[in-house]
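Shown next, in structure tokens, is the structure this report addresses.
The values are calculated or read from the model by the stated rules, or taken from the named source; none is laboratory data. As the structure is a prediction and not an experimental result, all values here were calculated from the model. Every residue, glycine as well, gets a Cβ built from its backbone with ideal geometry; the counts of neighbours run over all protein chains shown. Accessible surface is based on the protein model in full, side chains and every heavy atom, while ligands, DNA and RNA are left aside. Shrake-Rupley method; radii C 1.70, N 1.55, O 1.52, S 1.80 Å.
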Amino acid sequence: MTRVLLLGSGAREHAIARALCHSGASVSCFASNLNPGIMALAAGFELGELDAPQAVVDFATRHRAELAVIGPEAPLAAGVADALRAAGIATVGPGRELARIETSKAFARDLLVRHGIPGCPRYRTFDALEGVADWLAELGDGYVVKYDGLAGGKGVKVAGDHLHSHAEALDYCRELAASGGRFVVEEKLIGEEFSLMSFCDGETLRHMPAVQDHKRALEGDCGPNTGGMGSYSDTSHSLAFLDDEDICTAHAINEAAAAALHTECGAPYRGFLYGGFIATSDGPKLIEYNARLGDPEALNVLEILQSDFLPICEGMATGTLGDCEVAFRPEATVCKYVVPEGYGVQPRRDCRLVIDEERLAASGASLFYAAVNQPPGGTLETTSSRAVAVVGSGATLAAAEAQCEAGLTGVSGRGLHVRHDIATPPLLAQRVAHMRQLRGSRVVPTVGA
Ligand code: AMP
Ligand code: GLY
């Protein structure tokens with residue numbers, strides 16, 4: 001049995017653990033919370049500082065790990081992948097330099113421009129207020145201000161959503177400059193967002209089905225931005241508002257970005273490469289890159305991964321992905337997160353959750369534990385972040401959505417919130433109509449096609 005170190009303990013890591021165990025791995029998890037789903041699967045489980053390289057290497061050594069899979073971004077930013085490789089452990093996850101594709105917005109934008117990769121909005125990078133007002137004047141009403149580093153999704157402010165005038169934009173820039181931060185001011189792109197993730201060994205990429213996440217906390221895409229309230233993927237592995245050309249463009253951008261990273265950093269990018277795209281009237285553009293699997297997107301794609309996940313991870317870590325079979329079942333998936341009320345602003349904490357295993361099993365849906373704690377023999381309690389995710393799959397999006405909703409009836413507790421509108425026909429139709437309106441006469445497939 002291959003012994004694998006898994007770093008992280010959210011729902012994404014629960015899904016990774018399940019997929020690794022299904023393909024015969026023995027998983028030991030270095031965790032930040034008592035995730036009962038991972039604890040039930042893992043041969044070893046310990047709480048610790050995920051972004052402390054030496055602590056992770058010590059854990060990996062104690063568990064004689066032959067392979068490491070890094071879930072979240074913080075350890076990548078801290079150089080944990082470099083430390084694991086230096087200790088002789090094959091690792092899925094880029095080193096600190098390569099992870100700058102996620103940890104520095106300016107680096108990601110500059111990389112695309114330097115290598116002539118399409119899909120980049122107009123942008124400029126600043127570390128002081130000088131020149132910002134002129135650049136905002138050039139951009140007009142459509143601008144976005146982004147803190148250059150990791151900010152847990154809170155560093156981005158978009159005109160019309162969070163900023164309502166150039167004066168407000170300048171105030172935010174002043175705040176960033178005063179805190180010593182670099183920031184990017186870029187063109188606001190209008191369209192529909194989608195995630196296109198690829199397995200990557202530095203040379204070869206294998207692409208995953210496209211997924212659409214829902215970042216806003218409340219139904220109808222209202223409320224504050226969150227880590228993601230739920231997501232869906234379709235049987236075609238594309239999305240109803242995209243055409244074949246959009247998917248090909250996104251694949252090509254990921255491939256070019258991986259090659260550019262290799263050239264610039266002098267090392268192969270071995271891990272998951274997550275392109276956050278937006279389909280616009282002018283084709284797909286890149287919103288951001290992440291150096292890891294998306295959460296919740298990982299739950300969608302791993303649910304329908306037909307091939308064994310362990311050899312894919314070994315292929316990424318050792319530069320042999322080209323030898324691996326990577327296939328996904330032609331099924332639709334729908335994921336909805338159960339979160340504490342107020343998540344995204346002022347979440348309730350320590351709500352008690354009850355899972356009705358029988359109901360859940362009868363629904364056929366999968367459940368993944370996220371930022372919850374359940375000591376052995378104790379009760380299941382939320383923290384201030386996402387609690388559990390329910391994933392349905394099926395031969396159509398409607399069947400997957402119905403299965404997800406049936407699974408959700410097996411989760412109860414007070415003070416919880418779910419976006420039930422995700423992947424329902426009205427919201428799907430709205431996405432298609434929005435894209436059709438933006439593209440004018442360009443034909444897009446109908447929902448469910
Ligand atoms: P990021 O952290 O870069 O993913 O940004 C968070 C969210 O801000 C994205 O999911 C988008 O909804 C929005 N966003 C970021 N950049 C842009 C842009 N250039 N145009 C429009 N929306 C953006
Ligand atoms: N789904 C958004 C993220 O993983 O960053």
Test: residue in region 236-245 that is within 16 Å of ligand 2 (Cβ to nearest atom), open to solvent by less than 50 Å² (accessible area, probe 1.4 Å) and touching a His at 6+ places or on another chain (Cβ under 6 Å): no
Test: residue in region 322-337 that is part of a helix (DSSP H, G or I), β-branched (Val, Ile, Thr) and either surrounded by fewer than 24 Cβ atoms within 10 Å (Cβ to Cβ) or within 16 Å of ligand 1 (Cβ to nearest atom) (or both): no
Residue within region 285-292 that is modelled with pLDDT of 95 or more, away from ligand 2 (no atom under 16 Å from the Cβ) and not in a helix (DSSP H, G or I) present: yes
Every pair of residues 6+ apart whose Cβ atoms lie under 6 Å, when the first sits in region 239-252 and is without any contact (Cβ under 8 Å) to a residue 24 or more places away in the chain while the second is of a type in the set (Val, Ile, Thr): none
Ala159 being within 13 Å of ligand 1 (Cβ to nearest atom) and either modelled with pLDDT under 95 or surrounded by 13 or more Cβ atoms within 10 Å (Cβ to Cβ) (or both): yes
Enumeration of residues in region 293-309 that are in a helix (DSSP H, G or I) and either open to solvent by 10 Å² or more (accessible area, probe 1.4 Å) or within 15 Å of ligand 2 (Cβ to nearest atom) (or both): Glu297, Ala298, Leu299, Asn300, Val301, Leu302, Glu303
Matching option when the condition is within 20 Å of the chain's Cα centre (by Cα), over 18 Å from Ile253 (Cα atoms), of a type outside the set (A, V, I, L, M) and surrounded by 15 or more Cβ atoms within 10 Å (Cβ to Cβ), among Gly152, Gly95, Gly181: Gly95
Pairs, first in contact (Cβ under 8 Å) with a residue 60 or more places away in the chain and among the hydroxyl-bearing types (Ser, Thr, Tyr) in region 99-118, second crowded, with 17+ Cβ neighbours inside 10 Å and assigned to a helix (DSSP H, G or I), C-beta under 6 Å, six or more apart: Thr103/Ala77
Test result for Thr103, open to solvent by 40 Å² or more (accessible area, probe 1.4 Å) and polar (S, T, N, Q): no
Those residues of region 60-91 which are outside any loop (DSSP other than H, G, I, E, B), in contact with a Lys or Arg (Cβ under 7 Å, 6 or more places away or on another chain), touching a residue at least 40 places away in the same chain (Cβ under 8 Å) and open to solvent by 30 Å² or more (accessible area, probe 1.4 Å), in sequence order: Glu73, Ala77
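Which of the following residues is in contact with a Lys or Arg (Cβ under 8 Å, 6 or more places away or on another chain), closer than 20 Å to Leu305 by Cβ and open to solvent by less than 30 Å² (accessible area, probe 1.4 Å): Ala11, Ala19?
On the way: Ala19 fails: in contact with a Lys or Arg (Cβ under 8 Å, 6 or more places away or on another chain).
Of the residues listed, the single one that is in contact with a Lys or Arg (Cβ under 8 Å, 6 or more places away or on another chain), closer than 20 Å to Leu305 by Cβ and open to solvent by less than 30 Å² (accessible area, probe 1.4 Å) is Ala11.
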